[in-house]
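In what follows, a single structure is set out as structure tokens and then discussed.
The values are calculated or read from the model by the stated rules, or taken from the named source; none is laboratory data. Keep in mind the model is a prediction, meaning the values are calculated, not measured. Here the Cβ positions follow ideal geometry from the backbone for every residue, glycine too, while neighbour counts run over all protein chains shown. Heads up: the accessible areas ignore ligands, DNA and RNA and are worked out on the full protein's heavy atoms, side chains in. Shrake-Rupley method; radii C 1.70, N 1.55, O 1.52, S 1.80 Å.
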Amino acid sequence: MLSTERVHEYLDSVFFGDVILVENESPYGTALMTRLIAEYGRKKGVPVYVDDILDSLHVVREHLRFLGIDEDFTDVSVIKTGGVKSIGNVVARIGIESDAARYLSRHRAALKKAAPSERYIHITLGIERLFAFFESKREFYMMTGAIKERLGDESHVSFYILNRSVVSALRTNPIPELEEIATTVVRIQLRNRRHALVFVKGPTLQIVDGDMIAYLDGSAR
């Protein structure tokens, strides 16, 4: 499984204002990474907010339970977009709108109202589902534009955790655009039956001693 020490070492190297794209390519990478970021926030005393799109956090919790990990996220603030499963401390709810502009406006208002005055960690789960829902070119660039707005905002550090295979199958694949926006791009892969973070882009590559791959059981190649 993902090593707490190894991931926390990586998180110590990121900056507020960063946009980190995490492309999951393993069966349980999203669940494990979400939990470890939440643990990091607790350890550092930094509030954690999750954008839970269409019950993605419910899937994360159930996958963790399947792995024998008890995590209920009760101390994590959650902004829910659609869905019916309320996991964590839900501080705002947004319905799925037929128009991306209206959805994004309501999301900005909800986050502004809910977010703390101090710095916080922001995790978005299920962004691929929004890209599938808002399919037009206009809506695509509105969505990526909203992510660009978060770049350089030092009130928080943003993690977008997505399923790479699902996103790649969309009519318009947002990965190239998201990789261009992100300050750091990381992929979670299974290698030799171990979870690994593969660093594709960013200044955090030095945590693996100049290599591009860190096996998250404490070793590096």
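Using only Cα atoms, find the angle between the long axis of helix 56-66 and the longest principal axis of the chain, and express it within 0 to 90 degrees, rounded to the nearest 10. Helix 56-66 sits at roughly 30 degrees to that axis. Across the cross-link table entries Lys137/Lys201; Lys80/Lys113; Lys80/Lys112, which are compared at the Cα atoms, the separations over 24 Å belong to Lys137/Lys201. Rounded to the nearest 10 square angstrom, Asp51 shows an accessible area of 10 square angstrom against a 1.4 Å probe.
By the scheme Lys and Arg +1, Asp and Glu -1, what is the net charge of all other residues having a beta-carbon under 13 Å from that of Arg129? Please list the in-between numbers first.
Details: positive: Lys80; negative: Asp51, Asp52, Asp55, Glu128, Glu135.
With Lys, Arg at +1 and Asp, Glu at -1, the neighbours total -4.
Dividing the Cα radius of gyration of the stretch 147-208 by 2.2 N^0.38 Å, with N the residue count, gives 1.25. Taking all protein chains together, Lys201, Lys43, Lys148 sort by accessible area into Lys43, Lys148, Lys201, largest first [probe 1.4 Å]. To put it simply, the accessible area of the chain at a 1.4 Å probe is 49 percent carbon and sulfur.
Using Cβ point charges alone (K and R +1, D and E -1), the dipole size of the chain about the Cα centre works out to roughly 360 debye. Residue order by solvent-accessible surface for Asp55, Asp12 is Asp12, Asp55, largest first, with ligands and nucleic acids left out and a 1.4 Å probe. In this structure, the amide hydrogen of Val90, modeled 1.01 Å from its nitrogen in the peptide plane, lies closer than 5 angstrom to those of Val78, counting only residues at least 5 positions away or on a different chain.
So, for the chain, what is the accessible surface per residue at a probe of 1.4 Å, expressed in square angstrom? Walk me through the intermediate numbers first.
On the way: 9970 Å² over 221 residues.
On a per-residue basis, 45 Å².
Stretching Phe15 away from Arg93 to a fully extended chain increases their span by 25.3 nm, per 0.36 nm per residue minus the current alpha-carbon distance. Think of it as helices only: each DSSP H run of n ≥ 4 in the chain is worth -39500 (n - 2.57), and spread over all residues that comes to -11000 deg cm²/dmol at 222 nm.
For a modelled paramagnetic label at Asn192, 7 Å from Cα along Cα-to-Cβ, no residue of the stretch 9-42 is in reach, as no backbone nitrogen comes under 17 Å.
With r defined as the distance between the Cβ atoms of Ala101 and Arg171 and R0 fixed at 25 Å, what FRET efficiency is calculated, to the nearest 0.05?
Numbers: r = 20 Å, r/R0 = 0.80.
Efficiency, rounded to the nearest 0.05: 0.80.
Per residue, the Cα convex hull of the chain amounts to 112 Å³.
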